[in-house]
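J.: If you scroll down you'll find the structure; I have some questions about it.
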Amino acid sequence: MNESMSVTTDAELPGFSRFSSSSECYCTVSWTNHSTGDSGQWKSGGTFDEPPTFTGSGNISATVAVTPGITYLPGQGSWVAP
């Protein structure tokens, strides 16, 4: 599987992260906010206009796995949410 995932933040929407994926990627993003200790998951629905997810403000990291958990090369990344 060779699909793309991305996350964006907006200073005018603090504490929210918007995950997006290609239309063929039914993936699960498991995120952790290291500043607050909160964590959660976002599951792609195969659409391009997904609502933002409340991750809280701070330093966040995430891993991406193919639903239902089969992953050949997992993705990972980190970002700072305003």
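Just so it is clear, none of the values below were taken in a lab; they were calculated from the coordinates. These numbers come from a predicted model, not from an experiment. Cβ coordinates were reconstructed from backbone atoms using ideal geometry, including for glycine residues, and neighbour counts include every protein chain displayed.
J.: So how much slack lies between W79 and S20, counting 0.36 nm per residue of separation and subtracting their Cα-Cα distance, in nm?
T.: 19.8 nm
J.: Take each of the peptides 31-44, 52-65, average the number of other beta-carbon atoms within 10 Å over its residues, and list them starting from the highest.
T.: So the peptides 31-44, 52-65, ranked by packing, come out 52-65, 31-44.
J.: At 7 Å along Cα-to-Cβ for each site, give me the label-to-label distance between S39 and D10 in nm.
T.: The two pseudo-label positions are separated by 2.9 nm.
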